[in-house]
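In what follows, a single structure is set out as structure tokens and then discussed.
Only the coordinates and a few stated rules stand behind these numbers; no lab work does. Source: prediction; values computed, not measured. Using ideal geometry, Cβ is built from the backbone for each residue, glycine included, and neighbour counts are taken over all protein chains shown.
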Amino acid sequence: MFSQEIFSERFSALRKGAKLNQSQMAEILGITQAAISKIEKGERAASIEVLCTLADYFDVSLDYLVGRTDKPEVNR
């Protein structure tokens, strides 16, 4: 089951772990810094395109990003 809270926390943690600020992440994703802020606060959902880009960029699974598993590994 999707958890907006878990997704927001994991997204923020991954971004900070990569030492990226919100503006840099926004540029990578092709969205605004304000959108990043809202996503991290749980005030806005991320599109499937953004989810896929995040998963690829951070090399984690979509299931990990959305809280369906605690294992970040990608099954390829």
Checklist entry - Where the only charges are on Cβ atoms (+1 Lys, Arg; -1 Asp, Glu), what is the dipole of the chain about its Cα centre, to the nearest 20 debye? => result 140
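Suppose only helical runs count, i.e. DSSP H with n ≥ 4. What mean residue ellipticity at 222 nm does that imply for the chain under -39500 (n - 2.57) per run, divided by all residues and rounded to the nearest 500 deg cm²/dmol? Could you put the intermediate results ahead of the total?
Details: 5 runs with 46 residues, N = 76.
About -17000 deg cm²/dmol.
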Item to check | Whichever lysines have a C-alpha closer than 17 Å to that of residue 41, once near sequence neighbours (fewer than 8 apart) are set aside | outcome: 16
Checklist entry - Of 6, 62, 24, which is farthest along the charge dipole of the chain in the positive direction, counting Lys and Arg as +1 and Asp and Glu as -1 at C-beta? => result 24
Checklist entry - So for the pair residue 37, residue 53, with labels modelled 7 Å out along Cα→Cβ, what separation do we get in nm? => result 1.9
Checklist entry - Using the per-residue mean of other Cβ atoms lying within 10 Å as a proxy for protection, in what order, highest first, do the peptides 55-65, 16-26 fall? => result 55-65, 16-26
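Classify the stretch 1-64 as rounded, prolate or oblate, taking a ≥ b ≥ c as the square roots of the eigenvalues of its Cα gyration tensor: rounded when a/c is under 1.5, otherwise prolate if a/b is larger than b/c and oblate if not. Don't skip to the end; give the middle numbers.
Details: a/c = 1.36, a/b = 1.16, b/c = 1.18.
Taking the square roots of the gyration eigenvalues as a ≥ b ≥ c, the stretch 1-64 is rounded.
Please compute the contact order of the chain in relative form: average sequence separation of alpha-carbon pairs under 8 Å and at least six residues apart, divided by the residue count, as a percent.
The value is 35 percent.
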